[in-house]
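The values are calculated or read from the model by the stated rules, or taken from the named source; none is laboratory data. Bear in mind that the values here come from a model prediction, so they are computed numbers and not experimental data. Note that we place each Cβ from the backbone using ideal geometry, even for glycine, and neighbour counts take in every protein chain shown.
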């Protein structure tokens, strides 16, 4: 929910900066004749004077190329099938092991995205998805926990405060589940 609110605020600010409605801005993007994301972003930056982040968001919204748009209307299982397809299929047991534990925490929302799933209560508490063909990354939102070699602190302003890299289902242990439980409890 916080992410959607932040994007809506950003889009509102883009409209104010450019003096154009979101529909007008989408038309500019689509009518440009460009197809590559980077080319469109650069064009928006040059023609409308927007910064990189605003131009990037505008292109994603105009083309519906953000993860949430691409996952919209799809069944959770279908999204997981796409996320863990091909060489990443061997990583799905890690996801299933994580979710088996997390489901026992209580109520929460699973918000499928293009390459991962977001887990939310009042706010996002975790993200789970393959980072490579051999590793799942678990993003965790919690505060006041010192980072370790395993619980990797992330730069401020990112989607999660911590990241844990998991290469096999055996690494879904009590330490990782306790961090996820702490994040779950703080989120809601």
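Assorted remarks:
- Residue in the range 107-117 that is modelled with the highest pLDDT, counting only those that are surrounded by fewer than 22 Cβ atoms within 10 Å (Cβ to Cβ) and over 16 Å from residue 166 (Cβ atoms): 107
- Scanning the range 132-145 for residues that are assigned to a loop (DSSP other than H, G, I, E, B) and either closer than 26 Å to residue 85 by Cα or in contact with a strand residue (DSSP E or B) (Cβ under 9 Å, 6 or more places away or on another chain) (or both) yields 132, 133, 134, 135, 141, 142, 145.
- Qualifying residue in the range 146-168 (condition: assigned to a helix (DSSP H, G or I), touching a helix residue (DSSP H, G or I) at 6+ places or on another chain (Cβ under 6 Å) and in contact (Cβ under 8 Å) with a residue 60 or more places away in the chain): no
- Residue in the range 139-162 that is surrounded by the most Cβ atoms within 10 Å (Cβ to Cβ), counting only those that are within 17 Å of the chain's Cα centre (by Cα) and within 12 Å of residue 183 (Cβ to Cβ): 140
- Single residue of the range 58-76 satisfying the filter (in a helix (DSSP H, G or I) and modelled with pLDDT under 70) that is farthest from residue 31 (Cα to Cα): 76
- Hits in the range 46-56 (condition: part of a helix (DSSP H, G or I), modelled with pLDDT of 80 or more and buried (at least 16 other Cβ atoms within 10 Å of the Cβ)): 48, 54, 55
- Enumeration of residues in the range 1-45 that are on the phi < 0 side of the Ramachandran plot, modelled with pLDDT of 90 or more and not in a helix (DSSP H, G or I): 20, 21
- Residue, nearest to residue 87 (Cα to Cα), within the range 121-131, restricted to residues that are in contact with a helix residue (DSSP H, G or I) (Cβ under 9 Å, 6 or more places away or on another chain) and either at pLDDT 95 or above or assigned to a strand (DSSP E or B) (or both): 130
- Test: residue in the range 90-103 that is in a loop (DSSP other than H, G, I, E, B), more than 14 Å from the chain's Cα centre (by Cα) and either over 24 Å from residue 60 (Cβ atoms) or without any contact (Cβ under 8 Å) to a residue 24 or more places away in the chain (or both): no
- For the range 170-186, the criterion of being surrounded by 20 or more Cβ atoms within 10 Å (Cβ to Cβ), touching a strand residue (DSSP E or B) at 6+ places or on another chain (Cβ under 8 Å), under 25 Å from residue 7 (Cα atoms) and without any contact (Cβ under 8 Å) to a residue 40 or more places away in the chain is satisfied by no residue at all.
- A single entry from 136, 79 fulfils the requirement of being crowded, with 19+ Cβ neighbours inside 10 Å, modelled with pLDDT under 95, farther than 20 Å from residue 185 by Cβ and touching a helix residue (DSSP H, G or I) at 6+ places or on another chain (Cβ under 8 Å): 79.
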